[in-house]
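The values are calculated or read from the model by the stated rules, or taken from the named source; none is laboratory data. In this text, all values refer to a predicted model and were calculated from it rather than measured experimentally. Note: ideal-geometry Cβ built from the backbone for every residue, glycine included; neighbour counts use all protein chains shown.
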Amino acid sequence: MTPDDFRAHAHQVADWMADYLETVGERPVKSRARPGEITARLPASAPEDGEPFEAIMADFNDIIVPGLTHWQHPGFFAYFPANASPPSILAEMLAAVLATQCMSWQTSPAATELEGRVMEWLRELVGLPADFIGAIQDTASTATLCAILAARERASDFATNHTGLSGGPRMTTYCSSEGHSSIDKAVRIAGLGSDQLRKIAVDQHSAMDPAALDAAIAADAAAGLRPVCVVATLGSTSQSAVDPLRAIGAVCRRHGVWLHVDAAWAGSALVLPEMRWMIDGIEAADSLVFNPHKWLLTQLECSAFYVRDKAALIRTFEILPEYLKTREGDQVTNYRDWGVQLGRRFRALKLWFVLRSYGRTGLQAHVRRHIALAQDLAARIAAQPDFEVLAPSPLALVCFRYHPPGLDDPAKLDALNETLLETLNDSGALYLTQTRLDGAYVIRFAIGAVLTEARHVEAAWEKIQHTARRLGEGT
């Protein structure tokens, strides 16, 4: 492809992108593809000779796009969002053409120093203490793994990286029963084992019980195990539960245990002063992660990982073969030593574009609007005698179910709501997901897509009511 060809095709792609953002709401939000349907339309082998760009784009439109679930659709209310604002998209285009590898300062000085600065901006925007030092990870799952690995090393006086886990006491990790599945995965990858992950009981608000945590840590220590890490959750996936950081932090300090805070989704709400109650007690935390790519208008992948003891983090991950040594040495930051990855994309660029394009007030308006929409929806649902709100909605997630009068059999209620969910998703108008709360099947309605407005939430609620009552006629 010549430079002139590239210019022409780039203009075509840019036009396609603008058209997509303008019309995505007209597409079915959830893909209607059947398993194997896309594969069947793709050749078994790569082409022998190159094909024209026009043919590739034609297949992209004909085969790929219809097989996608559209996360930027205004009717996407399923998982917590993966935002793609226009400034972030433009930054990703620039990062793609630069193709920068940001593993060390020398390989890209501007990328490294920009990352350090925007993480300082972000720290101030969400009200974190000044001694938190940040780096951008790909996802919160990776950041949580990094925290658990650093906790493991600090607990073993950094011996485990060299000697392995054999011979020492088994190491235990703690989270609430509402903790994210990434914690389970991280303890496996870290070699600590799922048998050593303690799921702590929760209170009536589904928040971790600090007294139960204290008792579990004390019991493990008395049994000769080594407690190493507690993961507190701000904004659980199932129902927005918020763990009490101050009380949990006191337990962790008493036992000398690393406290990691998983605020993957809810952390973005900290741009609002009125939501800072969630981090009361943050001064006791050792690390925290939240994802600007979930709710802060920034493209995947952009996970903000903050740590207090950066020396412990670097000592956990630093390996310096001859071919990675540079003359700047300790004068600079080399983010390859801050996590699992050696190769790193230029993720700071899109965050910089977003922070400058929207500013504090724009970001606050974005998050505040979604919270207001969710609270209004929860009030509408609660006002209907045949619907139930099954969890508080302090953020932008509403958990509900359809409960027609007279239908009280738990299995039949679950089956009816499961049918309701699948029927709504198959309609193409909206996309929802499910969870279970106290054993009951519950529908989750998560608001956060960039293009979602009040009219989209209202239309979805009308669709839910109409479909539920039509299905309920036969019960």
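In region 111-136, the residues that are touching a residue at least 40 places away in the same chain (Cβ under 8 Å) and outside any helix (DSSP H, G or I) form Cβ pairs under 7 Å with partners that are among the basic types (Lys, Arg) and surrounded by 23 or more Cβ atoms within 10 Å (Cβ to Cβ), at six or more places apart or across chains, as follows: Ile136/Arg347.
Scan Ala135, Ala155, Ala111 and give me the residue that is within 30 Å of Val202 (Cβ to Cβ) and surrounded by 18 or more Cβ atoms within 10 Å (Cβ to Cβ). After ruling out the rest, the residue left standing is Ala155.
A single member of Phe80, Phe76 is touching a Phe, Trp or Tyr at 6+ places or on another chain (Cβ under 8 Å), at pLDDT below 95 and either aromatic (Phe, Trp, Tyr) or surrounded by 15 or more Cβ atoms within 10 Å (Cβ to Cβ) (or both), and it is Phe80.
Residues checked against (1) of a type in the set (A, V, I, L, M); (2) assigned to a strand (DSSP E or B); (3) touching a Gly at 6+ places or on another chain (Cβ under 7 Å):
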residue	(1), (2), (3)
Gln434	no, yes, no
Arg444	no, yes, no
Ala449	yes, no, no
Thr452	no, no, no
His456	no, no, yes
Ala460	yes, no, yes
Lys463	no, no, no
His466	no, no, no
Arg469	no, no, no
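For region 1-67, the helices (runs of 4 or more DSSP H) that sit wholly inside it and include 1 or more residues that are of a type in the set (S, T, N, Q) and within 22 Å of Pro86 (Cβ to Cβ) are 3-23.
Highlighted here are the strands (runs of 3 or more DSSP E) found entirely within region 180-285 that include at least 3 residues which are more than 19 Å from the chain's Cα centre (by Cα): 197-200, 226-233. Pairs are defined by a Cβ separation below 6 Å, a sequence spacing of at least 6 or placement on different chains, a first member in region 454-475 that is β-branched (Val, Ile, Thr), and a second member that is part of a helix (DSSP H, G or I); the pairs so defined are Val457/Leu373; Val457/Leu377; Thr467/Thr423; Thr467/Leu424. Filtering region 235-288 to residues that are more than 26 Å from Ser393 (Cβ to Cβ) and acidic (Asp, Glu) leaves Glu283, Asp286.
For region 386-439, which positions are exposed (fewer than 14 other Cβ atoms within 10 Å of the Cβ), farther than 19 Å from Lys463 by Cβ and of a type outside the set (A, V, I, L, M, F, W, C)? Scanning region 386-439 gives Pro405, Gly406, Asp408, Asp409, Pro410, Lys412, Arg436, Asp438, Gly439.
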